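Trainee: Please see the structure below; I have some questions.
Derivation of every value follows stated rules applied to the coordinates shown; laboratory data play no part. Bear in mind the structure is a predicted one, so any value in this text is a computation, not a measurement. Every residue, glycine among them, receives a Cβ derived from its backbone with ideal geometry; neighbour counts consider all protein chains shown.
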Amino acid sequence: KNEVEQSPQNLTAQEGEFITINCSYSVGISALHWLQQHPGGGIVSLFMLSSGKKKHGRLIATINIQEKHSSLHITASHPRDSAVYICAVYGNKLVFGAGTILRVKS
Amino acid sequence: NAGVTQTPKFQVLKTGQSMTLQCAQDMNHNSMYWYRQDPGMGLRLIYYSASEGTTDKGEVPNGYNVSRLNKREFSLRLESAAPSQTSVYFCASMSVTSGNTIYFGEGSWLTVV
């Protein structure tokens, strides 16, 4: 069983829809990261969470430490949000989920 | 401030050849990582270095060696390349003591024929 599980694996949405991507993990962690990878490969960090909730623009990330679960929400989705979203957890090393491929259609 | 710099960006190797992927960061981070990314597999950890002078195996270390030359540099070596090592390789660094933000190199596309 993978230490980090993401769902869904693939997601297609219409422009404007509210999107949720989930991440569950099975190990003790001190931090959870959400990352974005665009076609062409570049990976950028969106959020680092150790508790609660963070918001940046249309992106919101939440974490429930007791349930070992995090969600990434995108409000008013746009085609430029199309990317792979990756969850990673840090205990004593970084471990990544397989990623969620998001496509937002106009 | 260049962040994380990886070289080369593209490389084609013949089976059995050796090569080294170089990674350097200028952010004084302690932790550095090498990952490979294959279609449908996500990022898989090859080796990591929690601090200068230490290295540890990750999920898929076979066929690779690493060197943490100093705090800035963490290299990945393929001693005898195999077609199964065709992949995109990413180097990453992170400072546990400074915000925990992860920084990635731009990736190295390696093809072994």
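Trainee: Less than 20 Å apart at the alpha-carbon level, and either on another chain or at least 8 residues along: which aspartates and glutamates does that give for B:Lys9?
Mentor: Result set, ordered by chain and number: B:Asp26, B:Asp38, B:Glu73, B:Glu79, B:Glu106.
Trainee: Also: Just to confirm the filter: which GluC sites (Glu not before Pro) across the range B:8-113 are DSSP coil and have at most 13 other Cβ within 10 angstrom of their Cβ?
Mentor: B:Glu79
Trainee: Ordered by residue, what ³J(HN,Hα) values in Hz, to whole numbers, does the range B:32-45 give under the Karplus form 6.51 cos²θ - 1.76 cosθ + 1.60, where θ = phi - 60° and Gly and Pro are x?
Mentor: Those phi angles translate into 9, 9, 10, 10, 10, 10, 10, x, x, 10, x, 8, 10, 6 Hz.
Trainee: Rank A:Phe47, A:Phe96, A:Phe18 by mean-square fluctuation in a GNM of chain A with C-alpha springs under 10 angstrom and give only the top-ranked residue.
Mentor: A:Phe18
Trainee: Straight-line reach from A:Lys55: which aspartates and glutamates have a Cα under 17 Å away, not including same-chain ones fewer than 8 places off?
Mentor: Filter leaves A:Asp81.
Trainee: Near B:Val4, within a Cβ-to-Cβ distance under 15 Å, what is the net charge of the other residues, with Lys and Arg +1 and Asp and Glu -1?
Mentor: It works out to a net charge of +1.
Trainee: Same structure again: Any chance you could run the full-extension gain for B:Asn28 through B:Phe10? It's 0.36 nm times the residue separation minus the Cα-Cα distance, nm to one decimal.
Mentor: So the chain would gain 3.8 nm between B:Asn28 and B:Phe10.
Trainee: Between A:Asn64 and B:Ala82, what FRET efficiency follows from the Cβ-Cβ distance if R0 is 25 Å, with the result rounded to 0.05?
Mentor: With R0 = 25 Å, the Cβ-Cβ based efficiency is 0.05.
Trainee: Going out from 0 in 5 Å bins, what whole percent of all Cα-Cα distances in the protein assembly as shown drops into each bin?
Mentor: 1, 7, 15, 19, 19, 16, 12, 7, 3, 1, 0
Trainee: Which of the lysines could a cross-linker span from A:Lys54 if the Cα-Cα distance has to be under 30 Å and same-chain partners fewer than 8 positions apart are dropped?
Mentor: A:Lys1, A:Lys68, A:Lys93, A:Lys105
Trainee: Taking a ≥ b ≥ c as the square roots of the eigenvalues of the Cα gyration tensor of the range A:51-106, is the shape rounded (a/c under 1.5), prolate (a/b larger than b/c) or oblate?
Mentor: Since a/c reaches 1.5 but b/c is at least a/b, the shape of the range A:51-106 is classed as oblate.
Trainee: Let me ask something else. Where in the range B:1-97 are there trypsin sites (Lys or Arg not before Pro) that are in a DSSP coil and have at most 14 other Cβ atoms within 10 angstrom of their Cβ?
Mentor: Here the sparse-neighbourhood loop sites are B:Lys9, B:Lys14.
Trainee: Still on this structure, please answer the following. Kirkwood hydrodynamic radius for chain A: how many Å is it when counted over pairs of different Cα atoms?
Mentor: 13.7 Å
Trainee: Step through the residues of the range B:60-69 one at a time and calculate ³J(HN,Hα) from phi using the Karplus curve (6.51 cos²θ - 1.76 cosθ + 1.60, θ = phi - 60°), rounding each to whole Hz and writing x for Gly and Pro.
Mentor: With the stated coefficients, the range B:60-69 comes to 10, x, 5, x, 10, 9, 9, 9, 9, 5 Hz.
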